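The structure appears below as structure tokens.
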Amino acid sequence: MTRPLIGEPLALDLVNSVWVDQGHAFDQFDEPDGLESWLDDHDMAGIAADTAAVRDALVQARSALRAALEDGDDAPLNDVLAHGFHRPGLRDGAPMVATVTDDPAWLPAWTAAADLVRLLAERAERVRHCANPACVLWFYDVSKNGSRRWCSMEVCGNRAKSARFQRSHPRQ
């Protein structure tokens, strides 16, 4: 099954690796090659030999991201962030920042958690849940006026418009 709403910032893309389609929940990491595909999409393929540990860390981070976004519960996200930090330095005289984690398997999860902190610091009001109550997807609103409401106008937006039309034009 093809995952909807790809191309969001890393943190939201991790959150959106679980979605609902026609009432059925899907998890990209349960699909054959789903984890490898997600890592490859974010240029993180091959960063750790233990893919089970990477998956476990990503699932924990995904849960922590959802808790922060949906419930305002910061503790799980801070637990994920405790696995690493940014170390500034110089390389050949040029500034650089290295990401250091206590275990290589935590690098993708930590990077996604740090990305949510960055998004919230920059424009928290632009991090949004789809306005469709049945949708579980999140997006970063990059529209000029900041008025995006749907994860996808083609899917959730059209469903809402169709439902509104049906309510205003009942069948006789």
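The values are calculated or read from the model by the stated rules, or taken from the named source; none is laboratory data. All values reported here derive from a predicted model rather than from experimental measurement. No Cβ is skipped: glycine too gets one built from the backbone with ideal geometry, and neighbour counts run over all protein chains shown. In case anyone asks, the SASA skips ligands and DNA or RNA and just uses the protein heavy atoms, side chains included. Shrake-Rupley method; radii C 1.70, N 1.55, O 1.52, S 1.80 Å.
Cβ separations smaller than 8 Å between residues 6+ apart or across chains give the following pairs from segment 82-110 residues that are within 14 Å of Ile47 (Cα to Cα) to residues that are of a type in the set (S, T, N, Q): Thr99/Thr111; Leu107/Thr99; Leu107/Thr101; Ala109/Gln60; Trp110/Thr99; Trp110/Thr101. Of the residues Leu116, Leu14, Leu58, Leu90, which is open to solvent by 20 Å² or more (accessible area, probe 1.4 Å), of a type outside the set (Gly, Ala, Ser) and either at pLDDT 95 or above or not in a helix (DSSP H, G or I) (or both)? Only one candidate qualifies: Leu90. Does Ser147 count as over 22 Å from the mean Cα position of the chain (by Cα), among the hydroxyl-bearing types (Ser, Thr, Tyr) and modelled with pLDDT under 95? No; evaluated as a whole, the condition is false for this residue. Can Leu65 be described as more than 18 Å from the chain's Cα centre (by Cα) and either open to solvent by 50 Å² or more (accessible area, probe 1.4 Å) or in contact (Cβ under 8 Å) with a residue 40 or more places away in the chain (or both)? Taking the combined requirement at face value, the residue does not satisfy it. None of Val97, Val155, Val142 is modelled with pLDDT of 90 or more, over 28 Å from Ala49 (Cα atoms) and not charged (D, E, K, R) except Val142. Checking each residue in segment 27-55 for being of a type in the set (Val, Ile, Thr) and modelled with pLDDT of 95 or more picks out only Val54.
In the condition set (1) over 19 Å from Phe139 (Cα atoms); (2) open to solvent by 50 Å² or more (accessible area, probe 1.4 Å); (3) among the small types (Gly, Ala, Ser); (4) part of a loop (DSSP other than H, G, I, E, B), Gly7 is compliant with all but (1).
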